[in-house]
1. Label points 7 Å out from Cα along the Cβ direction at residue 16 and residue 60: separation in nm?
2. Where does helix 47-59 land angle-wise versus the long Cα axis of the chain, in degrees 0 to 90, nearest 10?
3. Which option, [x] 11.4, 36; [y] 11.0, 31; [z] 12.7, 43, is the value of Rg and Dmax of the Cα atoms in Å that was calculated from these coordinates?
4. Just for the chain, what percent of DSSP beta bridges are antiparallel, to the closest 5?
5. What percent do you get for the relative contact order of the chain when only Cα pairs under 8 Å and 6+ apart count?
6. Once every DSSP H run of n ≥ 4 in the chain is given -39500 (n - 2.57) and the sum is divided by its residues, what mean residue ellipticity at 222 nm do you get, rounded to the nearest 500 deg cm²/dmol?
Amino acid sequence: MASKLKKLAKVNESITLNRYDNGWMVEVGGRNEDEDWKTAKVMCNTEEELLDVIKEWNTMDLDN
């Protein structure tokens, strides 16, 4: 699985999930290696892709 959230070093405690006719948009906020705020928006066309992004987010360090 290729990293979809690679631009984030740490992630926020919550994500935003939007459902569309052709898939889902997952929005994950956090910080990069330089401690700058970043947001990753990932378009998922299948449930498998959606679950992969959620699993990746769940394994990352939290920005506390």
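We did not get these values from a lab; they are worked out from the coordinates using the rules stated. Worth saying up front: this structure is predicted, and the values here are computed from it rather than measured. Reconstructed Cβ throughout: ideal geometry from the backbone, glycine too, with neighbour counts over all protein chains shown.
1. Here the answer is 1.5 nm between the modelled labels.
2. On a 0 to 90 degree scale, this one is about 20.
3. Correct label is [x].
4. Details: 16 of 17 bridges.
Bridges in the chain that DSSP calls antiparallel: roughly 95 percent.
5. Details: 108 pairs, mean separation 24.5, N = 64.
Normalised by residue count, the contact order of the chain is 38 percent.
6. Details: 1 runs with 13 residues, N = 64.
Rounded to the nearest 500, the figure is -6500 deg cm²/dmol.
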